[in-house]
Structures are given as C-alpha cells and as structure tokens.
Amino acid sequence: MDHLETQNAPAYGRRTPVSLQRPSARLGAYSGATYYERPALKPSDYGQLVAAYLFIGGIAGAAQVIATTADLANRSELKDIVRSGRYLAVAGSIAGPAFLIADLRTPERWYNMLRIFRATSTMSIGAWTLAAFGATSGVALAADILADATERPAFRMIARIFGLPAAATGAIVATYTGTLLSATSTPIWAEAHPILPVLFGASATATSTAAISLLAQRSGVSFRQHNGLRRLAFVTAAAEWLSTRMLERRLRLRRVAQPLLASPAVAKTYRGGYLVLGIVAPAVIEGLGWVMRRRSRTFSVAAAVATLAGGYLLRSVLLSAGKTSALRPVDYFTNAQP
Amino acid sequence: MSVPARAQEYTQSILARAIPNESELTCGVTIEPGKSYGFFTDTTLCIGCKACEVACKEWNALPAEEFKITGQSYDNTGALSATTWRHVSFVEKLRDDKGDRPSLLEPFQSNWLMMSDVCKHCSPAPCLEACPTGALFRTEFDTVGVQQDICNGCTYCVTACPFGVVEVNETDGKAHKCTLCYDRLKGGFEPACAKACPTESIQFGELSTLHERARMRVETLHSRGRTDAYLYGAPDAPGATGGISHLNAFFLLTDRPETYNLPVAPKLPSRRIRRGLLAGFTTMLALAATAFVAFTAGE
Ligand code: SF4
C-alpha cells in the first residue's frame, strides 16, 4: 500500500519540502502568498483617548524630572520651574489615568489594573508605576506648598526627598508607553524597538518644557529661568529630531515603514504636523527670539504651543500607523521572519 | 482506533446522565489536572466541512456572525474573533507554478488546502503575559483561559497575540477566545470541535502523545512521497520561535505558513520590555543631566 503510493506520487509532479526562507531577496519585504490579503493580526483599538493619555502622561512624568532637577540645582531663581513642574506632575497623574480608564471597555473595573503585578506586562508595570508616581508627586507638591506657607525648612526637605522617587517613577511614566507599544505584535511598533521609548522620552521632555514655560510665563518668569528653559527646549528638539531620523531609518530598513511614511493622511500629519510644526517651527521661533535678543513673550508662547501640538500629533499618528500596520499581512510576514 | 471496552456498557441511544470520563471513550484520553493538553490539527485530513466551527458555536453558545459572502473561496467566516473560536480556512490553488490554471488534479488534497484554525494556547502565551489584571490565566490543563469576571477590556492582549486570535467583544467589553473547552475538560469531555471532527483532522490529547503521533504522521507522509509535510508549533518547529517554546495547539501543514495566514517566526513581545524600559530611563537620565546644565550654566 505504502509502496504503491510512493510509486504513484511522481506522476503528479513531486512536492518539494517547504522552504521557510523569505521568498524574496534578503531583507526585502515579504512577497509570497498571503491568505486573500486578510490581516494576520487583530489591530489595536487605541484612539484619541489613548493618544491623550500618552501625551499627558509624558508631560507629567517629564515635568517631575525637570522640577526635581531644578530643585537639586538649588537656586532660588528656579523656584517657579520647580513649582510649575510639580503642579503639572500632579495634574497629569490625575488626568492621565482618567483618559486610560475612559478607554477601557469595562471602565467600572479599572481597579483590576492593581489586582496583580505582572513583570511581563508593560501595562501592569505602567499601572503600578503610575500609582507610585501619583502618590510621591502628591506628597512632594504638598510639602512644597506647605514650605512656602509655613516657612518651615522641614517641609522643603520633605519636598526634596519625595521629589527623588517622584522623578524616578516620572522618568518611567514618561517613557514606558513607548515600550508598551513596542512590546506587542504590531509590526511597525515592534520594529521600532527600542527607539520608541527614546523618542517618547525626548518628546515628553520637550512638551513638558513647553508646558512649564507656559505656566511660568503667567507668574512672570525671570530672565534666567527663561534662558534655562529655552536651552532645554533646543536640546530636546535636537534629541527628538535625532530619534525620528533613527526611527525612520530603522522602519525603512525593516520594510515596515509604509503605514507611517507613505500612507497619505498619516504621513502628512507626521511630517507637516509633528516634524515641521512640533520640532522645526518652535526651534526656529525660539532661535529668532534669541537672535533678536528679545525676551518676547509672544515668541515663547508661540513656540511652546507649537511644541505641544506637535507632541500630541506624534502620539496620535503613531497609534493610527500601528493600526494600519497590523492590518497589512505583508508587513507582519516581513516582521515575523526567522 | 478500536472501540474501548467501556463503550460496551453504554448501548442505549439516550443516556440518563453524562458518561464519566467520556473522553476515554471518544478519544482515548484521560483528562487529569496537572497534565498538558492540546490540539493536533492535521490539515491533510481536513475536508472543510466546518463541523468544528458549528460544534464550537453550539457548545459555547456563541452568537452567529453577520452574514456576508466574502468571495474568498468557501470561507465566509473569514477569521477567528471574539465569537468565532474555530475557523476553517480554504486555500484554492487556482494557478500552477507557471501561473496557468492547473490541468492535473492530484489524488491527494487535489488543489485544495484546508485548515481549521484555533487559538494556539501558546507556551508561554503573549496574551497572558500582557494581561495586567490576571484575567488571562493558565489552567490546570496547561491551556490559556480568560476570566470574563475579571477582564476590564483594556485590549492589550489583542495587540500582544502574534496570531490575531483574542478579541474584545464590544457588546460586553471583555476579551474572548477559545478556552480549549475548559468546562468540558473539567467534566471529563473531549473538546467539542475535536469530538465533532469526522476525519480526525482535529485530535485532542496529552501534548507529549500528540507530538509523538504528529511526528509519526509526518514520517508516514514523507515515505509516501509527501515530502512537503511538516509540523508548525511543535517544539523547534516554525511557529515555536522567538521565545515561544511551543504551541499547545499545533498543526501539520503542507505549504508555507503564510498561505494559511500564519507567521513563520512569531516572537514573544515581552522580550522587548527590559531593554525598552532601560532605553527610556537612560534617555530621561541624560535629558535630566542636560536640564541641570541648562539651568545652571552662567549667563
Ligand atoms: S494564540 Fe493568541 S490568544 Fe491564543 S494563547 Fe497564543 S497569544 Fe493567546
């Protein structure tokens, strides 16, 4: 029986063992068969609520890092920066989770996020870090306010001590969201590892610098503070620009860049909205202010607003690129090769 | 398979109550907590009857999908979803290697490939690793289940799954997927799909037994000239890659995995966490140092 079938087989054309190499040139995009071009993955359903959280969480976390750094510099003229940063951190650690909870499909069970801790889940790591960040930031701000009200140095000390864990957790809050996206099966996010958290960190610092400068403007910012923030804005813009170069290069190299760099609506928002409005424009505006040697409020406000708008667009654009990416079987089969 | 002796005890066509350890009678498997169970889906035996899809829907009381004609061969189901936990895919070879309509019909699998897809019950499972609430858990049968009374619908498992399986149902806001008939296993029953499969394309059993059986099947097929048969998801095979050691629901395929909408080399997403967090933290540390300099530099 076995022997008969062996004899018959060649008459219909011999089957060769399936080669599991990429059917196209090395490092090229997958060009073999797909299943009716149907998605091989389920796309993420993250929309504007999550984009808002990524944006707010980034500002809050980085604001605490900046505030604590300014606090450690120990100069009385940086006081407004410290206070503004601590305010932003607390405001963000309340508003951010509100957006996250609103995005849950069963929001009334939000507390299950703190039911267990799972080190293999960036979501779980983020939830706990966010909780610790909120608590320590709250104490640091309260002590800072009390120190002013009572003029007792002990409160200043408490603020400074709690500022340290608040800043450490803030550094994670500002960047874990990049890892949250990268630690999924969505091709464009997975291939962006580990550039995404770097880009998110740079963008978080840029947007929180902008937010702090807007807040500090209101309380009449000193020349020194203003210059410090402006320098920081330049450095973060440079860091952001560099990270985007790295990101684009990587995505192109891995052949999964289409959803971000070539799909019409997203690519336009990414380039015009994020790169030009969010990074280039603020640097040019601030640069002009510097060259003209003016402490123009209008210039700073314009630059800060552009930075903030750009930062939001980055999050939103990356989320929609991820959605498209997961729906393209060719991108996934390119990403999921040995 | 011979009829187990115990089957002689149940001759009436309507039974007063369920047969204890029924799985011993239907597939020769004794179901005990603490052991690893899974599915071996042999696509060379699948005839595309969709009995598994129907059995799954019936047993799990899953609602019907919106009716539509996809135009994609006989596959009007399309994909696994929150309400479809078995999905039979149909691949029609409409062109031969030269791009012409095939003029020869092979006696085996003719110009058809059919596969009953299901949750892979990965080990380790990316969805389970991603779940922040503990709703996704590993059962005492080494399968992956979702506890709908804990899930809060964060949808993170959906993006983590490398096979596009688990989905959050917008109606109830919870994640749903194949449970490998957790309830049936607890009651000593073979999973509904495997029991319904008329060709034994879907085989349920203890994982080590299934692996052995699957390897023998590949050998048999090879010896009969079907050298394109291989396992997907068995240890050290395609599908068990990038940190995923094996799939408790594994397959025998005869074409590239992508043909059946499966990735050749899925990866465990959680492997990217440590370096990602470190990269982010280092970035913030560097920027904090820059901020310090920016704030304290002289005028
Ligand atoms: S196939 Fe997807 S849903 Fe099933 S266990 Fe693996 S990761 Fe989870």
I'd like to know if the stretch B:92-104 contains one or more residues that are over 21 Å from residue B:62 (Cβ atoms), crowded, with 18+ Cβ neighbours inside 10 Å, more than 10 Å from the ligand (Cβ to nearest atom) and more than 8 Å from chain A (Cβ to nearest Cβ). no
- prompt: within 16 Å of the ligand (Cβ to nearest atom) and under 15 Å from residue B:247 (Cβ atoms) - does that describe any residue in the stretch B:212-223?
  reply: no
Would the stretch A:261-284 turn up any residue that is within 14 Å of chain B (Cβ to nearest Cβ) and either among the aromatic types (Phe, Trp, Tyr) or open to solvent by 60 Å² or more (accessible area, probe 1.4 Å) (or both)?
no
Within the stretch B:139-150, the residues that are open to solvent by 10 Å² or more (accessible area, probe 1.4 Å) and either closer than 24 Å to residue A:331 by Cα or among the hydrophobic types (A, V, I, L, M, F, W, C) (or both) are B:146, B:150
Taking the stretch B:135-150 and keeping only residues that are more than 7 Å from chain A (Cβ to nearest Cβ) and either aliphatic (A, V, I, L, M) or more than 12 Å from the ligand (Cβ to nearest atom) (or both), one is left with B:135, B:136, B:140, B:141, B:144, B:146, B:147, B:148, B:149
Residue B:264: passes all of (1) open to solvent by 10 Å² or more (accessible area, probe 1.4 Å); (2) among the hydrophobic types (A, V, I, L, M, F, W, C); (3) within 16 Å of the ligand (Cβ to nearest atom); (4) facing chain A (nearest Cβ under 7 Å) but (1)
With criteria (1) away from the ligand (no atom under 16 Å from the Cβ); (2) surrounded by fewer than 19 Cβ atoms within 10 Å (Cβ to Cβ); (3) more than 7 Å from chain A (Cβ to nearest Cβ), residue B:271 comes up short on (1)
**Report entry** So residue A:22, is it modelled with pLDDT of 95 or more and either within 8 Å of chain B (Cβ to nearest Cβ) or open to solvent by 30 Å² or more (accessible area, probe 1.4 Å) (or both)
**Finding:** no
Note on the stretch A:289-308: residues of a type outside the set (Lys, Arg) and open to solvent by 40 Å² or more (accessible area, probe 1.4 Å) are A:290, A:291, A:292, A:298, A:299, A:301, A:302, A:305
Within the stretch A:31-68, residues at the interface with chain B (Cβ under 7 Å from one of its Cβ atoms) and of a type in the set (Phe, Trp, Tyr) come out as A:35, A:36
Checklist line | Filter result for residue B:252 (more than 19 Å from residue B:121 (Cα to Cα), among the hydrophobic types (A, V, I, L, M, F, W, C) and surrounded by 20 or more Cβ atoms within 10 Å (Cβ to Cβ)) | finding: no
Screening A:250, A:245 for residues that are among the basic types (Lys, Arg), in a helix (DSSP H, G or I) and either buried (at least 24 other Cβ atoms within 10 Å of the Cβ) or within 14 Å of chain B (Cβ to nearest Cβ) (or both) leaves only A:250
Taking the stretch A:99-130 and keeping only residues that are under 27 Å from residue B:278 (Cβ atoms), assigned to a helix (DSSP H, G or I) and either more than 12 Å from every other protein chain (Cβ to nearest Cβ) or open to solvent by 60 Å² or more (accessible area, probe 1.4 Å) (or both), one is left with A:99, A:114, A:128
Picking from B:278, B:268, B:210, B:262, the residue that is of a type outside the set (Phe, Trp, Tyr), modelled with pLDDT of 95 or more and within 14 Å of the chain's Cα centre (by Cα) would be B:262
Residue hits (the stretch B:245-289; of a type in the set (Phe, Trp, Tyr) and in a strand (DSSP E or B)) are B:250, B:251
Check the stretch B:118-134 and report whether any residue there is surrounded by fewer than 21 Cβ atoms within 10 Å (Cβ to Cβ), within 8 Å of chain A (Cβ to nearest Cβ) and more than 30 Å from residue B:269 (Cβ to Cβ). no
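The values are calculated or read from the model by the stated rules, or taken from the named source; none is laboratory data. Treat the numbers as computed from the prediction; the structure is a model and nothing was measured. Don't worry about glycine lacking a Cβ; one is built from the backbone with ideal geometry, like all the others, and counts go over all protein chains shown. What goes into the accessible areas is simple: the full protein's heavy atoms, side chains included, and nothing from ligands, DNA or RNA. Shrake-Rupley method; radii C 1.70, N 1.55, O 1.52, S 1.80 Å.
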